[in-house]
């Protein structure tokens, strides 16, 4: 017995008839998806632009400048490290602040290479206010540090003396010289300033060397040692 014979022609005709309509539906759905995506992207871009206009972020150069400024130490903090005070409107303090900033470059040297013949302290019932460095007559004496000559000339038991004031107020005195190389102006550490002699209260040619702080003589040996100079 043969199976029923079903014709496929009507089904084929139906599929052919609905194919254009299906294509239109699919294309419409695709276009709708595109429109929604573009709209949402535009909304996001518009929101980002509005946020940027309301809350602008610093540009790279500005941000770098801000970071550099935040890392720059305050001048007042640097002065405190060196024991300085900065008072606005006071020219003297302004000059002092500039001097304090030079502190790391402040150099000290041995004023004369002769041997130590007398130390700081009481001697013959009175204070020997410095140290004596003995050496041949006429050999060179050097500025122990930078400073300006305050006085160069005769003074009692010192014979010929030179007084140099450093930028921070420290004074160095040089006594018993036979002659001066300089008598005024400013000098640097290691500059020749005078020559060994034995004027005044001296028993032989030598340099009498003093360090004075606020006008008071102190022992030059530990003072110089703290600055890397040994006698």
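Only the coordinates and a few stated rules stand behind these numbers; no lab work does. Only a predicted model underlies this, so the values are computations on that prediction, with no experimental measurement involved. Backbone-built Cβ (ideal geometry, glycine too); neighbour counts: all protein chains shown.
For this structure, a couple of remarks:
- Relative exposure of 124, 137, judged by other C-beta atoms within 10 Å (fewest first): 124, 137
- Placing dummy labels 7 Å off each Cα toward the beta-carbon, the span from residue 165 to residue 226 is 2.1 nm.
- In this rough spin-label picture, where each label sits 7 Å from Cα along the Cβ direction, the residue 126-residue 186 distance is 3.5 nm.
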